[in-house]
């Protein structure tokens, strides 16, 4: 696999040092950029399911959740493209392109005369998220090197999901005061413009850091075709397979939560502001906890955190339907958020542990293809089961699948942390 030396002309080999402290300015900038990426999703988490029911008159849960299907499928494909193209043309070009897809989204949602406009807006959102979030992940892994991957991914995912939480909370309050279509205009418009400005003007290409790490630590790497990378990440390597299936099921339950939780809680009498608070608590705990779980994975390893986090999520999802009331649901979604925080940055760190720097971005793209296809699978499963059996059954089935995923990690995965793992066998 060849890299073009012209991709990063402003960075000389002698200037390159790996680490968070050594690259804190660019690292911090990428953390901020990813917060704007997260807010683009957060603006929808409360308002779109309610918009489907109240303004477009949709009754079928499968039809309502169609916007998540379009988002998930597009984001999954964009992740694969982002990983491959960032190896070929550089990370920054992919990042800026992702922000261009975000610009029309607020207007499409605000002026949408039919639900098909909302579905199309989420195709663009999937492109934005796949290209931008994938690239900020890859660039941070490039900058920090092997020692602090868990910490770096914790900061990356924390910034994104804290922004999801704040945008979800703000969108609910804006909707209560100004209508359901107001949040995309204010939150989405500002996020898209600021994200594009920062990415185009201040973010620097990081591909030279990959060259540096590969030359210093992995000089004799075997060249890999993309098909070989796809098979390794998807099936052939036990750790990468475990990571990919756990990521897919994690986003399967998140897709269900995104589409069904607002409808489920509203049907049980929560006000729009209460519903916004419950919807915001989940990504808030998820985001904040990653500041600790990413570091923890650097100390105790990856496998234990991933398996425990999946089991915790599954049990808490089932807990949603076993109890009743605002405080009980706040507790359950908080525990779901904690379990997700144990999993999310750790999965990305595990990919960085196993994949060689020369094909790491492509492997991240394959992993994120599987992971974000979970959004579509979760929306389809939740919508179909809700229409046939009711929302209680749909939520419970999702919880059981999440528990099964945790069991698979416990049995199949080997530890990947460089200081704590053992060679796969």
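Numbers below:
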item	result
Filter result for residue 39 (in contact (Cβ under 8 Å) with a residue 60 or more places away in the chain and within 25 Å of residue 162 (Cβ to Cβ))	yes
Residue 83 under 15 Å from the mean Cα position of the chain (by Cα) and modelled with pLDDT under 95	yes
Pair list, Cβ < 8 Å and 6+ apart or interchain, from region 50-67 residues that are on the phi > 0 side of the Ramachandran plot to residues that are surrounded by fewer than 18 Cβ atoms within 10 Å (Cβ to Cβ) and part of a helix (DSSP H, G or I)	none
Residues located in region 152-211, provided they are within 19 Å of the chain's Cα centre (by Cα) and in a loop (DSSP other than H, G, I, E, B)	none
Qualifying positions in region 308-320 - over 18 Å from residue 396 (Cβ atoms) and surrounded by fewer than 23 Cβ atoms within 10 Å (Cβ to Cβ)	308
Those residues of region 366-390 which are more than 25 Å from residue 351 (Cα to Cα) and crowded, with 23+ Cβ neighbours inside 10 Å, in sequence order	379, 382, 383, 386
Answer residue from region 20-34, given it is surrounded by fewer than 24 Cβ atoms within 10 Å (Cβ to Cβ) and in a helix (DSSP H, G or I) and is modelled with the lowest pLDDT among those	24
Complete set of residues in region 322-359 that are buried (at least 24 other Cβ atoms within 10 Å of the Cβ) and free of Cβ contacts under 8 Å to residues at least 12 places away in the same chain	none
Checking residue 424 against (1) modelled with pLDDT of 90 or more; (2) more than 22 Å from residue 138 (Cα to Cα); (3) touching a helix residue (DSSP H, G or I) at 6+ places or on another chain (Cβ under 9 Å), the condition it does not meet	(1)
Region 164-184, residues that are crowded, with 17+ Cβ neighbours inside 10 Å and more than 13 Å from residue 273 (Cβ to Cβ)	164, 165, 166, 167, 180, 181, 182, 183, 184
Test result for residue 169, within 15 Å of residue 41 (Cα to Cα) and modelled with pLDDT of 85 or more	yes
Residue 45, sole failed condition from (1) under 21 Å from residue 104 (Cβ atoms); (2) at pLDDT 90 or above; (3) surrounded by 24 or more Cβ atoms within 10 Å (Cβ to Cβ)	(2)
Residue selected from region 212-244 under the condition at pLDDT below 85 and in a helix (DSSP H, G or I), by the criterion surrounded by the most Cβ atoms within 10 Å (Cβ to Cβ)	213
Set 140, 147: member being touching a residue at least 60 places away in the same chain (Cβ under 8 Å) and surrounded by fewer than 24 Cβ atoms within 10 Å (Cβ to Cβ)	147
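The values are calculated or read from the model by the stated rules, or taken from the named source; none is laboratory data. Just so it is clear, the structure is predicted and the values come from calculations on it, not from any experiment. In this analysis, Cβ positions are derived from the backbone assuming ideal geometry, glycine residues included, and neighbour counts consider all displayed protein chains.
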